[in-house]
Amino acid sequence: MALVSADSRIAELLTELHQLIKQTQEERSRSEHNLVNIQKTHERMQTENKISPYYRTKLRGLYTTAKADAEAECNILRKALDKIAEIKSLLEERRIAAKIAGLYNDSEPPRKTMRRGVLMTLLQQSAMTLPLWIGKPGDKPPPLCGAIPASGDYVARPGDKVAARVKAVDGDEQWILAEVVSYSHATNKYEVDDIDEEGKERHTLSRRRVIPLPQWKANPETDPEALFQKEQLVLALYPQTTCFYRALIHAPPQRPQDDYSVLFEDTSYADGYSPPLNVAQRYVVACKEPKKK
């Protein structure tokens, strides 16, 4: 029943999103005439080689209108982004509900083991589609944006991806990419599944052994303080694996779509670190352990 309810709500949201996209285009077309007027006014001023009180007053009015038009379009786009976020959240809830109930439709039969290449592609897609946080002027990035950690009382939701510290088969501990199944407020412990289905393992872990992954990318151009900085110690997902290892930031992203460049701790190299490797913002979290000397 819950799955049907989610489906109908998603259909409603998609209709609303379509209307918002149409409104965006209408708003843009409406403001185009004003932008053309600004350009023509500047061309006339250059021809006459002077800025008269008339042109000054006219430009002030045109720019005031352009600013209002831009703000109106921005508000519509923010509403559209909110709809997209709600759709993604409902799709994730539906996936979790189906997983718990053991329900699968014909187009998505139960997967016994996901092929390695498919899993790596899905992890890349998850990193690429992580939303960029876009605040209003003066807003500070929220927790779980880029390098900003979760608040102290934060509890990850079922389906959230986390870095989880578990015991390996050989008894050593390692940080793995995992998905939250549940959280018990009575015991303050999580149940998480290893994202690598080959492991087929469920772990019960205390809060200190679970680090929520970022839910937004930080924009280096507007919020550089929300990124890890050069030589900062982190845990980063090693490329083409589902394990996190200690690393130093070699260079933070320069543009919103860029990855971190990191140096993984590796004793096989003379200086103790690997050559620079790229890791997406999605898979870089703070390391609370001390730096090795």
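The values are calculated or read from the model by the stated rules, or taken from the named source; none is laboratory data. For clarity, every value in this text was computed on a predicted model and none was experimentally measured. Virtual Cβ from ideal backbone geometry, glycine too; neighbours counted across all protein chains shown. Surface areas here come from the heavy atoms of the whole protein model, side chains and all, with no ligands, DNA or RNA. Shrake-Rupley method; radii C 1.70, N 1.55, O 1.52, S 1.80 Å.
Values for this structure:
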| quantity | calculated |
| --- | --- |
| Qualifying positions in segment 18-53 - outside any helix (DSSP H, G or I) and of a type outside the set (Gly, Ala, Ser) | 49, 50, 51 |
| Residue match in segment 217-232 (condition: open to solvent by 50 Å² or more (accessible area, probe 1.4 Å), in contact with a Phe, Trp or Tyr (Cβ under 8 Å, 6 or more places away or on another chain) and either assigned to a strand (DSSP E or B) or in contact (Cβ under 8 Å) with a residue 40 or more places away in the chain (or both)) | no |
| Check on residue 291, in a loop (DSSP other than H, G, I, E, B), open to solvent by 90 Å² or more (accessible area, probe 1.4 Å) and at pLDDT below 95 | yes |
| Residue in segment 261-275 that is of a type in the set (A, V, I, L, M, F, W, C), in a strand (DSSP E or B) and touching a His at 6+ places or on another chain (Cβ under 7 Å) present | yes |
| Any hit, segment 270-278, residues being open to solvent by 70 Å² or more (accessible area, probe 1.4 Å) and hydrophobic (A, V, I, L, M, F, W, C) | yes |
| Single residue of 189, 217, 230, 200 found to be within 30 Å of residue 75 (Cα to Cα) and basic (Lys, Arg) | 217 |
| Single residue of 80, 6 found to be under 21 Å from residue 137 (Cβ atoms), touching a residue at least 60 places away in the same chain (Cβ under 8 Å) and in a helix (DSSP H, G or I) | 80 |
| Residues (open to solvent by less than 80 Å² (accessible area, probe 1.4 Å) and either in contact (Cβ under 8 Å) with a residue 12 or more places away in the chain or of a type in the set (D, E, K, R) (or both)) located in segment 165-176 | 165, 166, 173, 174, 175, 176 |
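Residues are listed down the side, and each one gets a yes or a no for (1) surrounded by 14 or more Cβ atoms within 10 Å (Cβ to Cβ); (2) under 30 Å from residue 137 (Cβ atoms); (3) out of contact with any helix residue (DSSP H, G or I) (no Cβ under 9 Å at 6 or more places or on another chain); (4) not hydroxyl-bearing (Ser, Thr, Tyr):
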position: 20; (1), (2), (3), (4): yes, yes, no, yes
position: 33; (1), (2), (3), (4): no, yes, yes, yes
position: 36; (1), (2), (3), (4): no, yes, yes, yes
position: 45; (1), (2), (3), (4): yes, yes, no, yes
position: 51; (1), (2), (3), (4): no, yes, no, yes
position: 76; (1), (2), (3), (4): yes, yes, no, yes
position: 87; (1), (2), (3), (4): yes, yes, no, yes
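Okay, residues lined up against (1) part of a loop (DSSP other than H, G, I, E, B); (2) open to solvent by 80 Å² or more (accessible area, probe 1.4 Å); (3) under 18 Å from residue 93 (Cα atoms):
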{"residue": "155", "(1), (2), (3)": "yes, no, yes"}
{"residue": "158", "(1), (2), (3)": "yes, no, yes"}
{"residue": "163", "(1), (2), (3)": "no, no, no"}
{"residue": "178", "(1), (2), (3)": "no, no, yes"}
{"residue": "181", "(1), (2), (3)": "no, no, yes"}
{"residue": "186", "(1), (2), (3)": "yes, yes, no"}
